[in-house]
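Worksheet: the structure to be examined is printed underneath.
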Amino acid sequence: MADQCDLCLLGLIILSSLLTGTSGVNNPHVFISSGENVHLPCNNDLPDCNSTTWSYSNTSRRSATVELIDRGIKNKDTERHERLSLGSDCSLNIKNVTEEDRGLYTCRQFVNGEKQEPDAIVLLHVLHVSVSPSSSSSSSSSQTEISPGRSVTLSCRLYSFAGFSCDRWIRSVGLQLLWVNQAGVDLKTDSRYQILFSSDHCIITLTTTLLNEDDNREWRCQLILRNQLQTSVRYTVKCSDEHLNIHLLQHQKLKSV
């Protein structure tokens, strides 16, 4: 019960920060596309990062908290330790972010063995796109060969801290997931594309039938918050011999102003 109360309190804090703005220094929300490198700030840093501890959780259970950095030293027992590093400003750097990295990160400072207040909290949200049908070699491959005339579905999902729904963000701060073309036009306006949302609105899918003229055509999944672009993933269709290949060209992040 105590853990559930803690989660409810955290939810109120997070929602409050969303309602009061998204660009402040103390804003705990970081949006990133999978495959990018991310910098998580520690707003309670001290001159000596040897006092810095970073922990991670994506559940409401305290027992599930993982210590990533302990007094400035990286924990090598974690699966992702090779992708982690501590910045000179005590920030936590994560290379090649995956959807599994989303969750709650806490930066704490210890002086003479005593924890200093307050903790610095960062919520990492990861935008990830998968393709169906997938590559025959790997479901996570960045390239999928599809013949013209076959249907393809791009699924764009926002991964966030466990227990929080996109529906709440949509109602409170205008969160949006969009599929747009290269000119930035919402593809819902084009009857050629079928755009669907999951029940919680955290997933938006684009389904279409590929045509020969799709060569070099670009589609983007965008995450919008308060009418500001937070991050996006760009896909481009390429012709190769008798097949059309879908390539993940790059993950593009645009910070809010």
Query raised in the report: Of the residues in the stretch 151-201, how many are outside any strand (DSSP E or B) and among the polar types (S, T, N, Q)?
Result: 8
Report task. Would you please name the residue that is surrounded by the fewest Cβ atoms within 10 Å (Cβ to Cβ), looking only at residues in the stretch 193-233 that are over 15 Å from residue 180 (Cβ atoms) and small (Gly, Ala, Ser)? Result -> 199
Requested in this report: Would you mention how many residues in the stretch 160-189 are surrounded by 13 or more Cβ atoms within 10 Å (Cβ to Cβ), out of contact with any Phe, Trp or Tyr (no Cβ under 9 Å at 6 or more places or on another chain) and more than 30 Å from residue 105 (Cα to Cα)?
Outcome: 0
Requested in this report: Please determine, by comparing only the residues of the stretch 90-116 that are acidic (Asp, Glu) and in contact with a strand residue (DSSP E or B) (Cβ under 9 Å, 6 or more places away or on another chain), which one is nearest to residue 203 (Cα to Cα).
Outcome: 99
Report task. Could you please find all residues in the stretch 67-94 being touching a Ser or Thr at 6+ places or on another chain (Cβ under 8 Å) and in a loop (DSSP other than H, G, I, E, B)? Result -> 71, 72, 90
Report task. Any residue in the stretch 206-233 that's farther than 29 Å from residue 38 by Cα: show its pairings with residues that are of a type in the set (Asp, Glu) and surrounded by 14 or more Cβ atoms within 10 Å (Cβ to Cβ) at Cβ separation under 9 Å, as long as the two are six or more apart or on different chains. Result -> 208/214
Report task. Could you tell me which residue of the stretch 74-105 is farthest from residue 130 (Cα to Cα), considering only residues that are touching a Gly at 6+ places or on another chain (Cβ under 9 Å) and surrounded by fewer than 15 Cβ atoms within 10 Å (Cβ to Cβ)? Result -> 93
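None of the figures in this text is laboratory data; all of them are computed from the coordinates on show. Bear in mind the structure is a predicted one, so any value in this text is a computation, not a measurement. Cβ: placed from backbone, ideal geometry, glycine included. Neighbour counts: every protein chain shown.
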